[in-house]
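Report on the following structure.
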Amino acid sequence: MWIFIKDHWRDGIEILILATGIYQIYRAFRATRGAQILVGLGTILVFLTLISTVFRFEVISWIIKGAATILTFALIVIFQPELRNGLARLGSNRLFSFSSKRRLAFLERFADAVIVLSKKRIGALFAIQRGISLKEHLETGVLLDAQFSPELAMSVFYPKSPLHDGGMIIADDRVAGAACVFPVTEKEMKDRSTGLRHRAAIGLTERTDAIAVVVSEETGGISISENGALQRNLTEKEFREKISEIFFSGKPTHENNPASQLDRKDPLSPAGDSNLVSD
């Protein structure tokens, strides 16, 4: 037994590395158009290989061998968006550039704003920049440079506001721009009720490491998208806990837990609890 382990331990490590790599590739490519193409090509190759092996078709075997090299370059082209996004995430710094105290203060204001928008059923789309710059998407909207506040968010996303269409980009704790256009995901959505804001949130987080938050105009539901995965219809408590978990990794900050500090009963302080927007 020990002799076998001594002679083959490298094989075990190699298998583990390959299995991890294949699983990560699967996670990155699943539910994308590229994955569908890969499944189609794989099915054709397996079918042709079986036929050529059983019936000893020399021409088909020669074509398959010759196509293998071409297919390698073709897959790079097909999966270019997924490969680019994966490498961008790998090289990005996912941490906020400002202090934990400022981060906590911003997340409190942000959670307040999202909950007020949700209760009033005002549709909204936020993108919080992390390691990967959102400058490319910022240039599609209106540039701003203002400290984030619930009142500002209400003003921007009010249905009659000129900036209510599109998304708001937040860099550090400041609003960098509004009415920005985000890329829509190419995933096949099983839920047909997934609207354009939700698809844009998924699309942006597929291509960058940003966090996207959506408020549904129809239901007031709150959703968070991270790494192309969408969590929908979060309660107020679930949203506060999730946003704190993302930016604090679920760890306490200073002497208190950020999740508990964000778990406030009133979405706005008494001074700001008036109806900012008429229903």
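Counting the residues of the stretch 155-170 that are surrounded by fewer than 20 Cβ atoms within 10 Å (Cβ to Cβ) and either part of a strand (DSSP E or B) or not polar (S, T, N, Q) (or both) gives 7. For the stretch 115-153, the set of residues classified as among the β-branched types (V, I, T) and touching a helix residue (DSSP H, G or I) at 6+ places or on another chain (Cβ under 6 Å) consists of I115, V116, I122, I132, listed by residue number. Only a single item in (1) farther than 23 Å from E236 by Cα; (2) surrounded by fewer than 17 Cβ atoms within 10 Å (Cβ to Cβ) is not met by H137, and it is number (2).
Scanning the stretch 101-136 for residues that are hydroxyl-bearing (S, T, Y) and either within 19 Å of H198 (Cβ to Cβ) or modelled with pLDDT under 75 (or both) turns up just one, S118.
Name the single residue that is modelled with the lowest pLDDT among those in the stretch 184-205 being over 18 Å from I224 (Cβ atoms) and within 16 Å of the chain's Cα centre (by Cα). Top of the filtered list is E188.
Considered as a group, the residues in the stretch 194-215 that are surrounded by 22 or more Cβ atoms within 10 Å (Cβ to Cβ) and among the polar types (S, T, N, Q) include one that is farthest from I132 (Cα to Cα), and that residue is T205. Screening A31 against (1) closer than 20 Å to V77 by Cα; (2) at pLDDT below 75; (3) assigned to a helix (DSSP H, G or I) leaves a single unmet condition, (3). Among the residues of the stretch 206-237, those identified as outside any strand (DSSP E or B) and within 21 Å of A153 (Cα to Cα) are A210, S216, E217, E218, T219, G220, G221, T235, E236, K237.
The values are calculated or read from the model by the stated rules, or taken from the named source; none is laboratory data. Remember, it's a predicted structure, so these values are computed and weren't measured experimentally. In this analysis, Cβ positions are derived from the backbone assuming ideal geometry, glycine residues included, and neighbour counts consider all displayed protein chains.
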